[in-house]
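First the structure, in the form of structure tokens, and then the observations on it.
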Amino acid sequence: MDPAARAAELRSALEHHNYRYYVLDSPEISDTQFDLMFRELVDLETAHSELKTLDSPTQRVGTLPISGFTPHRHLVPMLSLENAFGEDELRQFDERIKRFLGLTGDVDYFAEMKFDGASMSLTYVDGVLETATTRGDGTTGENVTTNARTIRGIPLRLREALPGRIEVRGEVVMLKSVFDELNATKVTKGEQQFVNPRNAASGGLRQLDSRLTAERKLNFFAYGVGSVELGLPPLELVEKQSTALGYLKEVGFAIRSEIKVSTGIEGIIEFVEAIGRARPTLPFGIDGVVVKVNDKGMQNELGNTARGPRWAIAYKYPAEQAFTILNSIFVQVGRTGNITPVADLEPVFVGGVTVSRATLHNFDDLERKDVREGDTVIVQRAGDVIPEVVGPVLEKRRADAEKPVPPVVCPACETPLVRQEGLVFLKCPNSKGCPAQVSSALKHFVGRKMMDIEGLGEKQIDRLLELGYLSDIASIFRLHTRKAELLELDRMGDQSVENLLAAIDESKTRPLPRLLFALGITDVGERGAQDLARSFGTLEKLKHAKYDDLVQLEGVGAKTASSIELWFEDEDNLRVIDELLAAGVAPVEAEAPVSDIFEGKTFVFTGKLEKFMREDAEATVMKMGGKAAGSVSVKTHYVVAGPGAGSKLAKAEQLGVAVLTEEEFLAMLPAGTL
Ligand code: IVH
């Protein structure tokens, strides 16, 4: 193809994908695909300098901010970074630096992880957070201060007053564990799952309702400073990258300890390898390592190109993506009846594991991506965790490939599927009789965070269901009447049967929150179960709770309240509960209140407490008839804030909720409580 035509084609494609990524927050292609196209354009422009135009995507970063938030102009632009693929490109970077500076000796480098999230610039005036902004087009971002205040890792006030103005730069990320937890909740609610932690983080920053941002439990890691207009800037801040981060840590920012200072590039290359090995076990996603010239004087000398600073480069790990053949698409029925299409793949090694199955999320998503059986597809381990099919390679599609047809009946029980308005999942409504749902409900019940019944694994459950020894969760507690039959089973010796029955017995006294979570009440997750247990104290009381009582509670919205009420009105559920209780399931229940001084009052504890563990403080409140909650809302009466309190304190101030110090809280307790 003619180079000029190809360059034009790449430019318009890159512009489009840039817009999808930065503005719409909804990429259509993978980062690797984008990087490859970008690379190709850079190479073309280098080979044919007449093709370089000012409006080329290689000459600028990002696109305009979306409307809805007020624009904020960065005092120092938020630049992008050049990429290095492979160690040799790091060595070339080192050579360039030395040439530019006219040095023969080794340069001091600083390396840190490249967090895979959303960039953010925080402006502090006299040590107080004034604005938080997204990167936007690099020059102008969006003011998302209200949302940023919900992020725990963002100090609202620095630990040192710092007269003047300073921009702190960093990345907002979602931890993998939070991502998994939120997606699990989304599955139970029949909502669309987040695609990856980065999208969940950057989408979280753009919520018009900051409560929704808070729900995403985002983190913030600082990696540098922008403009520094301080009367007398602390030396550490302006001397070196390494000392600046040390200083930021002192004034209250989360700085990861995986950093490296090295004289010469070889030490940095070792660090890059080490981080590459540690990558799968990190609690958050990274997409590379950023290598920076450590000395700020040298950084200034090196300056910037149109694309980014000359003094830094982003080393990118080989993509955790791979091509493979999609053999077939089958559907899975989840615990709550949601129907998920799953790809059966030709096994492929990606991101450190062999993947032979990948989720296709739901039939809307499948339709949008236009994935078909027999296609060559791109598979990726999103956020290092759940393998997913990114999309098909259309050029390789066979002419006779047919579009998959969504099922109309449940593959497990043949009940006609339904689709609730506004929700993306097809659903099997036969919650009690569908073998797939019954099996998932049992597997959930025995799970580690629920009743934790060891020896009752997934295969075991399916086998016992098939034999008719299990039917619903209450039937687990009748297994001891089938001891003789159990002993007949393959691989079930005396000892394993004894162990299984003992594990079942032992589970009977699991604390109430775990039992509530295990029951699989619609919309009640782990945290919700804890809140309910705290508020009601016994299963019996919760059983009779009505919508109006439930909706008063912290963290319980209208939908959850009616789900709970409905669940306890269902006769089958009530029968199962009666059978559980009759079988001796007796959760350890909260102690009865010893006083009523906090009757009807809800407390939230935040920050560091000196005299109490938070759990003990909460238990004390409950003993006095009050409630303890995990988040601040209009239903909160008191927030007890210790040092380091962040978003909860801010929320309390915003809502006008009374804020107490630990001493003031102690003073409210009757003498001798402690
Ligand atoms: S330094 C002048 N350090 O990567 C640019 N950036 O391509 C200085 N990022 O959007 C950037 N982790 O938000 C730097 N440890 C790190 C980073 C990091 C993630 C992001 C940054 C920016 C992009 C640059």
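What follows is calculated from the coordinates using simple rules that are stated; it is not laboratory data. In this text the structure is predicted, and so the values were computed from the model without any measurement. We place every Cβ from the backbone using ideal geometry, glycine too, and count neighbours over all the protein chains shown.
Things worth noting here:
- Ordering of 481-488, 98-105, 142-149 by packing [mean C-beta count within 10 Å, highest first]: 142-149, 481-488, 98-105
- In region 493-592, a dipole from Cβ-located charges (positive for Lys and Arg, negative for Asp and Glu) runs towards its positive end, and of 528, 545, 568 it is 528 whose Cα lies farthest in that direction.
- log10 of Debye I(q)/I(0), alpha-carbon scatterers only, for the chain at 0.05, 0.10 Å⁻¹: -0.29, -1.12
- About the Cα centre, charge dipole magnitude for the chain (Lys/Arg +1, Asp/Glu -1 at Cβ), debye: 780
- Packing-based ranking, highest mean first, of 202-212, 188-198 given that Cβ atoms within 10 Å are counted: 188-198, 202-212
- Total charge dipole magnitude, region 555-656, about the Cα centre, Cβ charges on Lys, Arg, Asp, Glu only, Debye to nearest 20: 820
- For region 445-568, the mean projected area of the C-alpha convex hull, equal to one quarter of the hull surface, is 7.9 nm².
- Packing-based ranking, highest mean first, of 389-402, 508-521 given that Cβ atoms within 10 Å are counted: 508-521, 389-402
- Other residues with beta-carbon under 12 Å from the beta-carbon of residue 141 carry, at +1 per Lys or Arg and -1 per Asp or Glu, a net charge of +1.
- With 0.36 nm allotted per residue and the present C-alpha distance subtracted, the residue 128-residue 177 stretch has 14.6 nm of extension available.
- Unit charges at the beta carbon, dipole of the chain: most positive-side option, 312, 129, 632: 129
- Distance from the alpha carbon centroid of region 177-236 to that of region 628-670 works out to 23 angstrom.
- Evaluated with a Cβ-only charge set (Lys, Arg +1; Asp, Glu -1), region 267-349 carries a dipole of roughly 280 debye about its Cα centre, given to the nearest 20.
- Alpha-carbon centroid distance for the pair region 299-313 / region 444-523, whole angstrom: 62
- Of interest is the spacing of the C-alpha centroids, which for region 532-608 and region 87-124 amounts to 55 Å.
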